[in-house]
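The values are calculated or read from the model by the stated rules, or taken from the named source; none is laboratory data. On a predicted model such as this, the values are computed, not experimentally measured, just so you know. Please note: Cβ atoms are built from the backbone with ideal geometry, for glycine as well, and neighbour counts cover all protein chains shown. Remember, those area values only see protein heavy atoms, side chains included, never the ligands or the DNA or RNA. Shrake-Rupley method; radii C 1.70, N 1.55, O 1.52, S 1.80 Å.
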Amino acid sequence: MERNLKNVLVISFGFLLLFTAYGGLQSLQSSLHSEEGLGVASLSVLYAALILSSMFLPPILIKKLGCKWTIAGSMCCYIAFSLGNFYASWYTLIPTSVILGLGGAPLWSAKCTYLTIAGNSYAEKAGKNGKDIINQYFGVFFLIFQSSGIWGNLISSLIFSQASNKVETSEENLACCGAYDCMSDTTNSTGSAEPSNSLIYTLLGIYTASGVLAVLLIVIFLDQIKSDQAETEKEILETPSFWSTFLATFKHLKDKRQCLLIPLTMYSGFEQGFLSGDYTKTYVTCALGIHYVGYVMICFSAVNSLCSLLFGKISQFTGRKLLFALATVTNTACIIALLLWKPHPKQLAVFFIFPALWGLSDAVWQTQTNGLYGVLFEKHTEAAFANYRLWESCGFVIAFGYSTKLQVYIKLYILLSVLVLSMVTYGAVEYLESKSSRGTPTDTKKENGGPITQETHM
């Protein structure tokens, strides 16, 4: 096997193992640690730490440690979060959430840097176009990585379904599920009694072992970037200082289009935060039991992955406006239906229809918003995507932050309001673009150009 491809596969399977654990844990936080909102508070803190990490840490760590050891070290931060869940309290889960958040940005930045270097290195030897090889490597990575959402949630559902203490949900308890929830901890475990400690520890043990295997895979099998690759080494050493990156991020806000895209970017965090923090807890766990959370999130992950691939292909024929319209209509219909629906165990299929439709919409928000940033800010991609990470993370922080303070119907109204605002400001961006591109028809050909990568995962 060609050496660079071997390294790509090592990174891909390392991320698969790591995010099998993290993805499953994130879906369960609001249901597993519902007391005083500890679970969603930890997620809010985690994304707040990610914002700070994105601004300062990646250039420093990659320069000092190199890509391989930055990836390995950052993965250890994820293992710390798994360990914090063993004895979940404000004194264990919050600090480990901060650690994970700080490790998140360097992990993804080092991965992108490594794949880019590997692609350019192979292209130079083989006499091929570097961009084509890099896109091919990213394609392999995401093909393997995207399935992590399926495996992590499958493991949690299979383990929790072993519980022998499942109970029937009474009609009285069911009245506390859904949009007009009772805002009490009793709603979190009405569908089944709390899973036993032995089952929780079994799950956490598997997740921790998966993270450890990921680190070992990187440490043992991933090749370090060779120092004799002078050009590559120079690029790393000349990475802008964190102050220049920090200032460039905020200077980019002088661009009117970037300011108009803030609501759309934040909405991505809001809608993902609602599904993993509120839908899983107030609809699924409340009415069906915690053992169904994994199955429901598998449905979301599978549809999301398939639609991401599909929309990436068809966007060149449909254009992004039509896809954004599809996502808006689908998400609006889901929000209104969730406001009206009273969840009941007899309507089992409905619990899966919502995450499937949500996955379809999310695939549009991720692929097309990433693509839009790449097209609009082609000359300032670093500052633009720093803004993308910043505002999406802000959406997560706010969504998880108010999760325990507001009833679900209020959160749904907030979600709908942000969606409407997003589409108004997005429409303004398209209007500005159409004005500026009049007389330069060649620019419009780039509308859906450039690689589209989906990196909303931590």
Quick one: which of LEU199, LEU204 is under 28 Å from the mean Cα position of the chain (by Cα), modelled with pLDDT of 75 or more and open to solvent by 20 Å² or more (accessible area, probe 1.4 Å)?
LEU199
Taking CYS182 as the residue in question, decide whether it is within 30 Å of PHE351 (Cβ to Cβ), more than 27 Å from the chain's Cα centre (by Cα) and either open to solvent by less than 50 Å² (accessible area, probe 1.4 Å) or at pLDDT below 65 (or both).
no
Here are some residues: SER170, SER227. Which one is surrounded by fewer than 19 Cβ atoms within 10 Å (Cβ to Cβ), modelled with pLDDT of 60 or more and of a type in the set (Ser, Thr, Tyr)?
SER170
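Conditions (1) of a type in the set (D, E, K, R); (2) more than 22 Å from TYR47 (Cα to Cα); (3) touching a strand residue (DSSP E or B) at 6+ places or on another chain (Cβ under 6 Å), marked per residue:
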position: GLY359; (1), (2), (3): no, no, no
position: ASP362; (1), (2), (3): yes, no, no
position: LEU372; (1), (2), (3): no, yes, no
position: LEU376; (1), (2), (3): no, yes, no
position: TYR409; (1), (2), (3): no, yes, no
position: LEU412; (1), (2), (3): no, no, no
position: LEU419; (1), (2), (3): no, no, no
position: MET423; (1), (2), (3): no, yes, no
Looking at (1) farther than 14 Å from TRP358 by Cβ; (2) touching a residue at least 60 places away in the same chain (Cβ under 8 Å); (3) among the hydrophobic types (A, V, I, L, M, F, W, C), which is the only condition PHE317 fails?
(2)
For the range 373-387: of the residues being of a type outside the set (A, V, I, L, M, F, W, C) and over 14 Å from PHE250 (Cα atoms), which is least open to solvent (accessible area, probe 1.4 Å)?
TYR373
